[in-house]
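**Student:** Handing you this structure, nothing more for now.
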Amino acid sequence: MRNPRDFGAPLAVGAPTPLLEIPFPPSRMIHFLDASNEKMVAKVPDIAKKTDILLGNLEDAVPVDRKEAAREGLVTVGQTYDLGETQLWTRVNSLDSPWVLDDLLRLVGAIGNRLDVIMVPKVEGAWDIHYVDRLLAQLEARFNVERPILVHAILETALGVANLEEIAAASPRMQGMSFGPADLAASRRMKTTRVGGGHPGYVSLSDPDGDNPRVTAQQDLWHYSIARMVDACAATGILPFYGPFGDISDDEGCEAQFRAAFLLGCVGAWSLHPKQIAIAKKVFSPDPDEVRFAKRVIEAIPDGRGVHMLDGKMQDDATWKQCKVMVSLAELLAKKDPELAEAYGFEPATA
Ligand SMILES: CC(=O)SCCNC(=O)CCNC(=O)[C@H](O)C(C)(C)COP(=O)(O)OP(=O)(O)OC[C@H]1O[C@@H](n2cnc3c(N)ncnc32)[C@H](O)[C@@H]1OP(=O)(O)O
Ligand SMILES: CC(=O)C(=O)O
Ligand SMILES: [Mg+2]
């Protein structure tokens, strides 16, 4: 076990001091693109205005013969495009792959001061984070990176899920986690070929009732693991995200999957196609009616103490905190988006 008093100290001489509090800018969607694809790169200026996070993907979905082009394309994006307040992330190749060492060396060397977060796939335990943590500190020192590059783990193997609490607490560099339903399904030998979402076979069935048809209701395959991820992240002050929804043609299914994650505590989800950005924005920006109600609760209980009634509903210290979660997120997003500020009823000065 690492001495907790060393947690705030750099892991290499000359590396920047670790952050003890993880920044939480708007993070509703992580938009994936392959920077070796010229059509996708051409859309960067437009997409950067719409997405909270832009991610250059180097891992799965990038063909082997385009791995280097995707890496170099991301370097070009980082060096040439002004992304405004949009964060720039990457997903590097997995730690057992032949590409990851060059991914880290090249990206930290070329755009280390532009990269906010490095997403590490297929993290299985704290040991994977410790390896990346020390290597990044050495590279930050070598390339004069001024602020620590944060690390985001994808939870996509059975062992990763078994170890998720240790992963979340492995390093002050840990920024968050994403849920990876495709690799996770394969790792667990689940019998689904979908990327996220439900399955018509995973149902509960009502009891026999004479000749009446029995009713089925589809259940959520992912609830248990996403809830565990949310707990591990909240317990360590880092941010949980839902991952991809692979049926690009099913906007409704995508919205339902994102909404289930939002309600459970996730701050955002991945967008694989430009049209999923708007779905994530809609879902991960709190509903204006809920925000207005939460504001009324906070106004009615200025000190956050005691018991009160509002619209027939009991309010107390705990519900006040629930409302603070809703209003704080709304305030954060309203600063970026004047339309949301208006919908939430904030004064223009707040926006
Ligand atoms: C399980 C996992 O690991 S998930 C993460 C890995 N997967 C990914 O990153 C996939 C990223 N997304 C994609 O590759 C693509 O969106 C696909 C393959 C899913 C669909 O691509 P297409 O069939 O080309 O979609 P479509 O025809 O609707 O595209 C419309 C336009 O948007 C562009 N586009 C599609 N996806 C993206 C994207 N993610 N970012 C930017 N532009 C995009 C297309 O290039 C096309 O451009 P054009 O109008 O100039 O020709
Ligand atoms: C997110 C991801 O990589 C997966 O579902 O496998
Ligand atoms: Mg995966």
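**Student:** Considering each residue of the stretch 1-55, count those that are open to solvent by 20 Å² or more (accessible area, probe 1.4 Å), among the aliphatic types (A, V, I, L, M) and part of a helix (DSSP H, G or I), and give that number.
**Tutor:** Residues flagged as open to solvent by 20 Å² or more (accessible area, probe 1.4 Å), among the aliphatic types (A, V, I, L, M) and part of a helix (DSSP H, G or I) within the stretch 1-55 amount to 3.
**Student:** Filter the stretch 293-318 down to the residues that are over 21 Å from Ala330 (Cα atoms) and part of a helix (DSSP H, G or I) and list them by number.
**Tutor:** Within the stretch 293-318, no residue meets the criteria.
**Student:** Those residues that are within 28 Å of Ser285 (Cα to Cα), away from ligand 1 (no atom under 12 Å from the Cβ) and not acidic (Asp, Glu), I need them from the stretch 39-89; list them, please.
**Tutor:** Matches in the stretch 39-89: Lys49, Ile53, Gly78, Tyr81, Leu83, Gly84, Thr86, Gln87, Leu88, Trp89.
**Student:** With the requirement that a residue be more than 16 Å from ligand 3 (Cβ to nearest atom) and either on the phi < 0 side of the Ramachandran plot or surrounded by 20 or more Cβ atoms within 10 Å (Cβ to Cβ) (or both), what does the stretch 258-270 give you?
**Tutor:** Phe258, Arg259, Ala260, Ala261, Phe262, Leu263, Leu264, Cys266, Val267, Gly268
**Student:** Looking at Leu74, Leu135, Leu88, Leu83, can you tell me which residue is surrounded by 22 or more Cβ atoms within 10 Å (Cβ to Cβ) and either under 24 Å from the mean Cα position of the chain (by Cα) or closer than 26 Å to Asp183 by Cβ (or both)?
**Tutor:** Answer to the selection: Leu74.
**Student:** Now for a separate question. Of the conditions (1) within 16 Å of ligand 1 (Cβ to nearest atom); (2) among the polar types (S, T, N, Q); (3) open to solvent by 10 Å² or more (accessible area, probe 1.4 Å), Asn144 satisfies every one except a single condition; which number is it?
**Tutor:** The failed condition is (1).
**Student:** Just one of the numbered conditions (1) open to solvent by less than 40 Å² (accessible area, probe 1.4 Å); (2) in contact (Cβ under 8 Å) with a residue 40 or more places away in the chain is not true of Thr319; which one?
**Tutor:** (2)
**Student:** Considering each of Ala153, Ala182, Ala162, Ala126 in turn, give the residue that is under 22 Å from Met1 (Cα atoms) and within 16 Å of ligand 1 (Cβ to nearest atom).
**Tutor:** Ala153
**Student:** So, one more: Pick from the stretch 214-257 the residues that are within 16 Å of ligand 2 (Cβ to nearest atom) and of a type in the set (Val, Ile, Thr): which of them is surrounded by the fewest Cβ atoms within 10 Å (Cβ to Cβ)?
**Tutor:** If we take residues in the stretch 214-257 being within 16 Å of ligand 2 (Cβ to nearest atom) and of a type in the set (Val, Ile, Thr), then Ile248 is surrounded by the fewest Cβ atoms within 10 Å (Cβ to Cβ).
**Student:** Another question, if that's okay. Only one of (1) touching a residue at least 12 places away in the same chain (Cβ under 8 Å); (2) closer than 22 Å to Lys50 by Cα fails for Glu339. Which number is that?
**Tutor:** Glu339 satisfies every listed condition except (1).
The values are calculated or read from the model by the stated rules, or taken from the named source; none is laboratory data. Quantities reported herein were computed from a predicted structural model and do not represent experimental measurements. Ideal geometry is used to build each Cβ from the backbone, glycine not excepted, and the neighbour counts take in all protein chains shown. Note: accessible area is taken over every heavy atom of the protein model, side chains too, but ligands, DNA and RNA are not part of it. Shrake-Rupley method; radii C 1.70, N 1.55, O 1.52, S 1.80 Å.
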